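Heads up, the thing below is written out as structure tokens.
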2 protein chains.
Amino acid sequence: MAITVVGSVAFDSIETPAGRRERCLGGAATYFSLSASFFTDVRVIAVVGEDFGRRQEAVFQARNIDTRGIEHTAGKSFFWEGSYLENLNEAKTHNTELNVFAAFEPKIPEAYRDSEFLFLANIDPVLQRRVREQMPDVKLVAGDTMNYWINDHRPALLEVLKGLDVLLINDTEARILAGNNNLVQAARAVLALGPHTLVVKHGEYGATAFFSGESFTPKVKSAQHHPFRAPALPLEEVVDPTGAGDSFAGGFFGYLASQGELTPAAFRRAMFYGSVMGSFACERFGTERLQELTRKEIDDRFILFRELTHLD
Amino acid sequence: MAITVVGSVAFDSIETPAGRRERCLGGAATYFSLSASFFTDVRVIAVVGEDFGRRQEAVFQARNIDTRGIEHTAGKSFFWEGSYLENLNEAKTHNTELNVFAAFEPKIPEAYRDSEFLFLANIDPVLQRRVREQMPDVKLVAGDTMNYWINDHRPALLEVLKGLDVLLINDTEARILAGNNNLVQAARAVLALGPHTLVVKHGEYGATAFFSGESFTPKVKSAQHHPFRAPALPLEEVVDPTGAGDSFAGGFFGYLASQGELTPAAFRRAMFYGSVMGSFACERFGTERLQELTRKEIDDRFILFRELTHLD
């Protein structure tokens, strides 16, 4: 089943202990799309400026990602500059330029309308909501956000949360959103805001899914009440963690969309595929690793991750 | 098979967001013994002062722990005061008084000599080494340490590491010991110092075992080359994390000692039992939870932890 994703398509300048890259292709929707494209059809809604040319377009084309919803407009694309020199787990933002995203009015191409899965990648919650409202009949809606929207745009974000089935955020974001440092208590508070399922990403430690009393979608066969944790593989070398969370989301949601039935077992495997894709994203700068990845490498690492915590 | 453990038996004054306790029974060997006692026979080597009386002795007796190796001497027992007010994952030490441990000369009771497992709990590496040297024929030796010994007593600690099969430390300690912030690279550096197996404890995220090329003991049927990760259950309420790492070690080593053969499968289950015992320790102040625990509760939580990451 096809996924429509709305989010940033951007240029990033990144510095890590492994080196520096200027203006490489980035953005939450880019990482998400590349990652999800290994599992299912992906359609992107975004806006780019005149600096987004054939070379960038070719990255999406090579993965058969539908870019008809990427609007080209005058001006510069979204730009982010950050570094991970002191702490590989947390980016230090040096500069964010919204550029063409400042006046973006998302429109859904007719060809996207039969998408059964919708992902609202990290972006202004006002834009997330506009896309959500234009696609009321999707089967499953998931989304991401970040500290900035949680702290400074809370009312708009709370509106988005009401329309989500699955929210994917990291530990810090969950704690800030709930105003509670205990992860289990924070999860319960977040689940009361709308989503049936909360996936908390722990970086190198994997991710944990929490569920509200009800099952996360009417199609799930039996409710899951205990949390579920997917581990991550300890990596020999983390070159650049940018986009790891978006790649997790792409693997998770892409795998889920590729499954006929949304069973708890499929959900658990989706969590593992999320971890797998997040780990690949870190191995090179920007989207380099995702661009040259194969499905065989993905499935081999899935087996490795399963082995990593398997008891019998 | 019986375990002999050497380490601190102490009094702790602890403050956490949940409250404060004055001079409750603590010490690495205490937590380790109580935890391991649910799986196998445990024998303690330590020294206590005149403040250690019948009430403290009764805690060990209730779990059938052999205390004949606890020397009683004039003076006060080891004392530690710390708090977790800002960060539940890291204690802030306010006061440490070695007291009777300052002049401790560990002696192994005759009745302990047939112990096949030896655990060197966190304590001065000079004392760890003296005990190790007096028990050259044990089947498996594991140990713990902390930042203070790593930073300020490195030569003595390196001698201890040469005689260890398994080292159990936390993320920060592994990184400091290796002088490398990447966990996989740090693990490899630590394994080169002596132990065949390194268990890195991640607090609320569980623990990861790394293995050197050889299997961790000659009795293991087949070598394990990939790391193994045991998750921890996200806890609803962490009352007091003191002793969680020692309780992990007790569950891990106690379960291992209870198994006839040291197979990779037994090792993996031991990692899960470690996580289980660490999680229980946090639920009340000091050793309160370990004192009233039952084996049924332990096995129930083991099943829950297995379910937490189980795929099929």
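The values are calculated or read from the model by the stated rules, or taken from the named source; none is laboratory data. Note that the structure is a prediction, hence the values are computed from the model and not measured. Quick reminder, even Gly has a Cβ in these numbers, built from the backbone with ideal geometry, and neighbours come from all protein chains shown. Just the protein is used for accessible areas: all its heavy atoms, side chains included, with ligands, DNA and RNA removed. Shrake-Rupley method; radii C 1.70, N 1.55, O 1.52, S 1.80 Å.
Between this copy and the others, label points of A:E159 are 7.0 nm apart in ascending order, each placed 7 angstrom from Cα in the Cβ direction. Shape verdict for region B:1-105, please, from the Cα gyration tensor: rounded (a/c under 1.5), prolate (a/b greater than b/c) or oblate. Oblate shape, in that a/c is at least 1.5 and b/c is the bigger or equal ratio. Build a GNM of chain B with springs between Cα atoms under 10 Å apart, and of B:A29, B:A111, B:A189 the one that fluctuates most is B:A111.
Just want to confirm a number: the relative contact order over region B:1-146, from Cα pairs under 8 angstrom separated by 6+ residues, in percent.
Relative CO of region B:1-146 lands at 27 percent.
Report for region B:1-101 the percent antiparallel among DSSP-assigned beta bridges with both residues inside it, nearest 5.
Given both bridge residues lie in region B:1-101, the antiparallel proportion sits at roughly 40 percent.
Beta bridges per DSSP, both residues in chain A: antiparallel share near 40 percent.
Under 12 Å of direct C-alpha separation, and excluding same-chain neighbours fewer than eight residues apart, B:K76 reaches these aspartates and glutamates: B:E50, B:D51, B:E97. Interface residues of region B:177-191, defined as those losing at least 10 Å² of solvent-accessible heavy-atom surface relative to the isolated chain (probe radius 1.4 Å), are listed as B:N182, B:L183, B:V184, B:Q185, B:R188.
Local charge sum around A:G26 (other residues, Cβ-Cβ under 12 Å, Lys/Arg +1, Asp/Glu -1)?
Surrounding charge for A:G26 is -4.
Mean per-residue shielding of peptide A:226-237 is 6, counting Cβ atoms of other chains within 10 Å of each Cβ.
With label points set 7 Å from Cα along Cα→Cβ, the inter-copy distances at A:A18 are 4.0 nm, sorted shortest first. Highest GNM mean-square fluctuation among A:A46, A:A192, A:A209, for chain A modelled with Cα contacts below 10 Å: A:A192.
Other residues with beta-carbon under 10 Å from the beta-carbon of B:E116 carry, at +1 per Lys or Arg and -1 per Asp or Glu, a net charge of -1.
Using a 1.4 Å probe on protein heavy atoms only, how many Å² of accessible area do B and A hide from each other, summed over both chains and rounded to 100? Summed over both sides, the interface buries about 3200 Å².
Rolling a 1.4 Å probe across all protein chains gives B:E110 an accessible area of roughly 140 Å².
In terms of distances greater than 30 angstrom between alpha carbons, the cross-link table entries A:K92/B:K201; A:K92/B:K92; B:K92/B:K201; A:K201/B:K162; B:K139/B:K201; A:K296/B:K162 yield A:K201/B:K162; A:K296/B:K162. Among residues other than A:D66 with Cβ under 9 Å from its Cβ, the summed charge is +1 (Lys and Arg +1, Asp and Glu -1).
Per-residue surface analysis assigns B:E90 an accessible area of about 120 Å², computed on protein heavy atoms at 1.4 Å probe radius. A probe of 1.4 angstrom, applied to the heavy atoms of all protein chains, finds A:S13 with accessible area near 0 square angstrom. Label-to-label distances for B:E90 across copies, nearest first, come out at 1.0 nm, using points 7 Å from Cα in the beta-carbon direction. Largest first, the residues A:D300, A:D41, A:D137 sort by 1.4 Å accessible area into A:D137, A:D41, A:D300. The share of accessible area on chain A that comes from carbon and sulfur is 48 percent, using a 1.4 angstrom probe.
Give me the residues in region B:276-312 whose solvent-accessible area, probe 1.4 Å, is reduced by at least 20 Å² once all protein chains are included instead of the chain isolated. Residues losing area: B:L304, B:R306, B:E307, B:L308, B:T309, B:H310, B:L311, B:D312. A 1.4 Å probe run over the protein chains yields, for region A:106-187, 40 Å² of accessible area per residue, whole-number rounding. Amide H contacts for B:G69 (H built 1.01 Å from N in the peptide plane; partners 5 or more residues away or on another chain; cut-off under 5 Å): B:V44.
Per-residue Karplus couplings for region A:60-68, computed as 6.51 cos²θ - 1.76 cosθ + 1.60 with θ equal to phi - 60°, are listed in order as 6, 4, 4, 9, 6, 8, 6, 10, 5 Hz, Gly and Pro entered as x. Largest mean-square fluctuation among A:G19, A:G286, A:G49, in a Gaussian network model of chain A whose springs join Cα atoms under 10 Å apart, belongs to A:G19. For the protein assembly as shown, adding -39500 (n - 2.57) for each run of n ≥ 4 DSSP H residues and dividing by the number of residues yields -10500 deg cm²/dmol at 222 nm. Applying the Karplus relation 6.51 cos²θ - 1.76 cosθ + 1.60 with θ = phi - 60° to region B:286-303 yields 3J(HN,Hα) values of x, 9, 3, 5, 5, 5, 10, 6, 10, 5, 5, 4, 5, 5, 4, 6, 4, 5 Hz, where x marks Gly and Pro. Working note: Karplus 6.51/-1.76/1.60 with θ = phi - 60° gives region A:43-50 the couplings 10, 9, 10, 6, 9, 10, x, 6 Hz, where Gly and Pro are set to x.
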